[in-house]
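The values are calculated or read from the model by the stated rules, or taken from the named source; none is laboratory data. The model shown is predicted, which means the values in this text are computed figures rather than measured ones. Note that each Cβ is placed from the backbone with ideal geometry, even for glycine, and that neighbours are counted across all protein chains shown.
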Amino acid sequence: MSEKKHNIRLLLVDDEEEFLASAAPALEKRGLEVVTARDGIEALKKIEEQPFDVLVLDVKMPGIDGAEVSRRLRKEHQDLPIIILTGHGSVPQAFEASKRGVYDYLAKPCDMDVLAKKINEAAKAHPIEPDEKANSGKGVDIASISVLIADDEPELLASLKTVLERRKMIVLTAQSGSEALSTLSSTVVDIVVLDVKMPGMDGIEVLRRIKSDYPLVEVILLTGHPAVENALLGVKLGAIEYLIKPPDVDDLTKLIRKAYKHRQEELERSRREAINNILKKHPE
């Protein structure tokens, strides 16, 4: 358990330099790895540059306040738990629109032992890197999954790549259908997460070609423009499921596990068929 605590990476965000100067070393003494930011913009930049397990966020800051930081993170970093620090009792109401992902609220000044305990609890409740327990009963070694994400939105690609790599998946990206097909021609991929609407070759055409040339590669469709026709056509062409953009990270992870398990079953069935055919041609 002590190793787990030392592995927790915390981003501590507050515009009060005195608080950062005292809180950061105090939390490090309690076994946490602490990075600090003095405002919301600096916090968002650091989150894009490196992974964190927990965010401790002050509400009142110049420029982008805590509520706005939380709203932005809910779009692209849904798995990052947030602990709100505030001297203002009405903060839960202010954060109602971005409630999801807010693990707890603490009043300032806060006791460092209490804060450290909350941080450890938040990290355990929202593990960024799933452990053996998270995979138990699923029959899936998530660390062995190779995922190709094809989307023409660079921000979404970067975000999904980060959160899936935190889950120890091997993640490749492509910004077009032709690039995705080129990657598949040279690299072994288990799952393709494929945007429907892309310039040039759209996702439906890419899906058609994948299922023609790589029938055992599973495909999950992403769409920002849900349409029954595309969903039905995608399933008919062999997609295992489709999700609305931006996808919920937990939902996407579950679908990737499901798709990978189905792929492994199909690979095993194919191997058995090949062995049976050889035995039939060469009976004892």
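Identification of strands (runs of 3 or more DSSP E) wholly contained in segment 1-119 with 1 or more residues that are at pLDDT 85 or above yields 9-13, 33-37, 54-58, 82-86. For segment 163-277, the strands (runs of 3 or more DSSP E) that sit wholly inside it and include 1 or more residues that are acidic (D, E) and under 25 Å from S144 (Cβ atoms) are 191-195, 218-223, 241-244. Of all the criteria given as (1) surrounded by fewer than 19 Cβ atoms within 10 Å (Cβ to Cβ); (2) in contact with a helix residue (DSSP H, G or I) (Cβ under 7 Å, 6 or more places away or on another chain), the one not satisfied by D14 is (1). The set of residues in segment 163-184 being of a type outside the set (A, V, I, L, M, F, W, C), crowded, with 20+ Cβ neighbours inside 10 Å and modelled with pLDDT of 90 or more consists of G177 alone.
Yes/no matrix, rows are residues, columns are (1) buried (at least 24 other Cβ atoms within 10 Å of the Cβ); (2) more than 21 Å from V249 (Cβ to Cβ); (3) at pLDDT 90 or above; (4) in the same structural domain as E265 (by TED's automatic domain parsing):
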{"residue": "S186", "(1), (2), (3), (4)": "no, yes, no, yes"}
{"residue": "V189", "(1), (2), (3), (4)": "no, no, yes, yes"}
{"residue": "V192", "(1), (2), (3), (4)": "yes, no, yes, yes"}
{"residue": "D195", "(1), (2), (3), (4)": "yes, no, yes, yes"}
{"residue": "M198", "(1), (2), (3), (4)": "no, yes, no, yes"}
{"residue": "R208", "(1), (2), (3), (4)": "no, yes, yes, yes"}
{"residue": "D213", "(1), (2), (3), (4)": "no, yes, yes, yes"}
{"residue": "V217", "(1), (2), (3), (4)": "no, yes, yes, yes"}
